[in-house]
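Q: Pasting a structure here, questions to come.
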Amino acid sequence: MTNEYLRRVYAEVEKRDAGEPEFLQAVREVFESLELVIDKHPEGEKAGLIERFVEPERVVEFRVPWVDDSGKVRVNRGYRVQFNSAIGPYKGGLRFHPSVNLSVIKFLGFEQILKNSLTTLPMGGGKGGSDFDPKGKSDGEVMRFCQSFMTELYRHIGQFTDTPAGDIGVGAREVGYMFGQYKKIVDRFDGGVITGKGLSYGGSLARTQATGYGICYYSAEALKKLANESYEGKTVVVSGSGNVAQYCAQKVMQLGGKVVAMSDSAGYVYDPHGIDLNVLFDIKQRRRARISVYADEVPGAEYHEGCKNIWNVKCDIAHPCASQNEMDAVGAQTLVDNGCMAVFEGANMPLTPEAIEIVQKNGLLYSPGKASNAGGVATSGLEMSQNSIRMSWSFEEVDEKLHGIMVNIFNACYDASVECGKPGDLMVGANVAGFLKVAEAMMAQGVV
Ligand code: NDP
């Protein structure tokens with residue numbers, strides 16, 4: 001970092017938020033991309049623009065007590081970080097996972113500001129969640145937890161204030177329980193207060209598929225424009241096996257690629273014939289079982305312990321779709337050595353800074369999650385639009401809009417990379433394109 005202003009603010013953040021490694025990692029990555037913009041706009045310093053940009057507008061932390069099936073009282077911790085509302089109401093998912101803490105939620109909320117800006121929809125950035133682990137819990141336990149979580153969260157959200165959605169550990173079931181509790185407390189059917197809802201009560205067709213499909217729409221555009229290539233005939237590795245990974249894999253196959261490996265947090269499966277998604281969906285969506293079951297049931301498939309080893313599988317294109325920092329320098333170097341041509345992120349910040357450096361230095365195409373996975377939140381925006389006009393669009397209509405949005409996001413990232421003198425550097429492009437709109441709105445609205 002050479003810009004003095006950015007260096008000074010980063011040093012302050014480092015001191016103040018010393019115990020928040022994921023947040024610092026996200027801030028540093030963004031700052032490194034913004035040097036040229038800040039050099040060009042010295043007026044930002046006088047307005048304290050960057051100091052305000054890295055400080056959440058509001059952080060809520062709360063107790064979530066609930067009763068398990070044996071009658072024992074359990075207590076988890078809930079969070080909502082309302083990071084930036086310059087261009088619209090806060091918007092961002094809720095994550096339920098034991099690894100959730102303030103640092104994780106702040107990094108996700110910070111990334112969300114830029115991601116939402118890239119969609120061109122009027123959505124500010126926020127994120128929330130809890131260290132609750134839905135894995136192994138009964139439906140009743142999950143429902144009681146979600147109700148308790150919403151009993152506090154409801155007072156901080158609203159369709160014009162803050163509109164959560166799903167993320168890791170929060171799918172249609174959890175969103176349903178939370179929406180039900182919100183509706184009961186406020187005694188109003190405010191459909192737009194939360195997205196990822198079921199189709200029978202205001203959800204949008206194609207929202208379930210949107211993040212995964214969107215990754216492929218974006219990546220197909222990048223492959224075409226930057227390498228004159230496509231998914232046709234490519235071998236692809238998709239890490240994770242949750243919502244994002246499942247529909248990313250499905251779209252890869254529809255576009256002519258072959259997904260040969262997928263994972264969960266315990267290990268990965270390799271299927272040289274291509275992952276059978278009917279089996280995988282049944283294991284993950286219906287049985288909520290481990291991915292190792294796939295290898296027990298599909299002849300020729302292998303299961304390997306250790307999810308990080310999935311990058312040992314030779315591929316042309318890698319889509320990390322599980323969680324932050326899931327690919328380190330070793331994983332990235334292995335991909336390079338095996339002749340991989342592109343890494344398009346599906347998860348948020350899945351590559352460590354060292355992994356990004358290796359991928360970029362070796363000339364692989366690379367896109368940060370905040371650009372390539374923005375289809376999920378974009379379609380959440382479309383769900384809110386449908387709720388507001390009290391109409392539902394067909395799957396094809398939503399999918400077409402999603403496709404258009406992802407192509408536009410790619411173009412915005414590419415154009416910004418060219419303007420910054422780094423054509424094809426989609427990380428710089430995404431950060432700059434996302435930042436400029438938010439910065440302009442913040443400057444216009446004064447010191448708030
Ligand atoms: P899910 O809960 O549906 O799936 C998460 C998957 O990642 C599971 O296979 C899980 O395995 C695995 N996983 C979780 N933590 C780790 C870990 N520490 N190491 C390795 N694997 C892990 O979540 P989503 O698919 O919704 O989210 C995946 C990623 O995509 C996240 O980074 C999320 O923030 C991002 N994202 C999600 C969007 C959405 O619309 N859902 C939108 C934009 C981004 P296991 O079952 O063993 O825990």
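The values are calculated or read from the model by the stated rules, or taken from the named source; none is laboratory data. Bear in mind the structure is a predicted one, so any value in this text is a computation, not a measurement. Counting neighbours? That spans all protein chains shown, and the Cβs are built from the backbone with ideal geometry, glycine included. Side chains are part of the model used for accessible areas, which takes the heavy atoms of the whole protein and leaves out ligands, DNA and RNA. Shrake-Rupley method; radii C 1.70, N 1.55, O 1.52, S 1.80 Å.
Q: Condition check: among the small types (Gly, Ala, Ser) and not in a helix (DSSP H, G or I). Does residue 109 satisfy that?
A: It is false that residue 109 is among the small types (Gly, Ala, Ser) and not in a helix (DSSP H, G or I).
Q: Further question: Count, please, the residues in the range 298-311 that happen to be within 15 Å of the ligand (Cβ to nearest atom) and either in a loop (DSSP other than H, G, I, E, B) or without any contact (Cβ under 8 Å) to a residue 24 or more places away in the chain (or both).
A: Going through the range 298-311 one residue at a time, the tally reaches 2.
Q: Separate question: In the range 89-103, how many residues are crowded, with 19+ Cβ neighbours inside 10 Å and free of Cβ contacts under 8 Å to residues at least 40 places away in the same chain?
A: 1
Q: For the range 312-332: of the residues being part of a loop (DSSP other than H, G, I, E, B) and touching a Lys or Arg at 6+ places or on another chain (Cβ under 9 Å), which is farthest from residue 248 (Cα to Cα)?
A: That would be 328.
Q: State yes or no: is residue 62 open to solvent by less than 10 Å² (accessible area, probe 1.4 Å), among the aromatic types (Phe, Trp, Tyr) and within 27 Å of residue 384 (Cβ to Cβ)?
A: It is false that residue 62 is open to solvent by less than 10 Å² (accessible area, probe 1.4 Å), among the aromatic types (Phe, Trp, Tyr) and within 27 Å of residue 384 (Cβ to Cβ).
Q: Related question: Note down all Cβ pairs under 7 Å where the first residue falls in the range 394-417 and is part of a helix (DSSP H, G or I), the second is small (Gly, Ala, Ser) and surrounded by fewer than 22 Cβ atoms within 10 Å (Cβ to Cβ), and they're at least six residues apart or on different chains.
A: Note: pairs meeting the criteria are 417/424.
Q: Let me ask another. Are any of the residues in the range 355-362 under 24 Å from residue 170 (Cβ atoms), touching a helix residue (DSSP H, G or I) at 6+ places or on another chain (Cβ under 7 Å) and β-branched (Val, Ile, Thr)?
A: no
Q: Among the residues of the range 126-145, is any in contact (Cβ under 8 Å) with a residue 40 or more places away in the chain, within 17 Å of residue 347 (Cβ to Cβ) and outside any helix (DSSP H, G or I)?
A: Yes, some residue in the range 126-145 is in contact (Cβ under 8 Å) with a residue 40 or more places away in the chain, within 17 Å of residue 347 (Cβ to Cβ) and outside any helix (DSSP H, G or I).
Q: Taking the range 115-125 as the region of interest, how many residues are more than 11 Å from the chain's Cα centre (by Cα), within 13 Å of the ligand (Cβ to nearest atom) and not in a loop (DSSP other than H, G, I, E, B)?
A: Total meeting the criteria: 2.
Yes/no matrix, rows are residues, columns are (1) away from the ligand (no atom under 16 Å from the Cβ); (2) open to solvent by 20 Å² or more (accessible area, probe 1.4 Å); (3) within 20 Å of residue 148 (Cβ to Cβ); (4) not assigned by TED's automatic domain parsing to the domain that holds residue 286:
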| position | (1), (2), (3), (4) |
| --- | --- |
| 185 | yes, yes, yes, yes |
| 204 | no, no, no, yes |
| 220 | yes, yes, no, no |
| 236 | yes, no, no, no |
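Q: Another one. If residue 35 meets every condition in (1) without any contact (Cβ under 8 Å) to a residue 60 or more places away in the chain; (2) surrounded by fewer than 17 Cβ atoms within 10 Å (Cβ to Cβ) apart from one, which number is that one?
A: Only one criterion is unmet by residue 35, namely (2).
Q: Within the range 360-393, how many residues turn out to be away from the ligand (no atom under 16 Å from the Cβ) and in a helix (DSSP H, G or I)?
A: Counting residues in the range 360-393 that are away from the ligand (no atom under 16 Å from the Cβ) and in a helix (DSSP H, G or I) gives 7.
Q: Would you mention how many residues in the range 185-202 are within 25 Å of the chain's Cα centre (by Cα) and of a type outside the set (Ser, Thr, Tyr)?
A: Residues meeting the conditions: 10.
Q: From the list 345, 419, 354, pick out the single residue that is closer than 26 Å to residue 313 by Cβ and open to solvent by 10 Å² or more (accessible area, probe 1.4 Å).
A: When all the criteria are applied, what remains is 354.
Q: Ok, one more. Return the residues of the range 146-176 that are away from the ligand (no atom under 16 Å from the Cβ) and open to solvent by 30 Å² or more (accessible area, probe 1.4 Å); say none if nothing qualifies.
A: The answer is 147, 151, 152, 154, 155, 156, 159, 160, 161.
Q: A follow-up question, please. How many residues does the range 431-448 contain that are closer than 11 Å to residue 49 by Cβ, among the β-branched types (Val, Ile, Thr) and open to solvent by less than 80 Å² (accessible area, probe 1.4 Å)?
A: 1
Q: Follow-up. Find the residue count for the range 296-310, including only residues that are more than 12 Å from residue 270 (Cβ to Cβ) and either buried (at least 16 other Cβ atoms within 10 Å of the Cβ) or under 26 Å from the mean Cα position of the chain (by Cα) (or both).
A: So the answer is 4.
Q: While we're on this one: Name the one entry in 269, 279, 293, 252 that is part of a strand (DSSP E or B), open to solvent by less than 70 Å² (accessible area, probe 1.4 Å) and more than 10 Å from the ligand (Cβ to nearest atom).
A: 269
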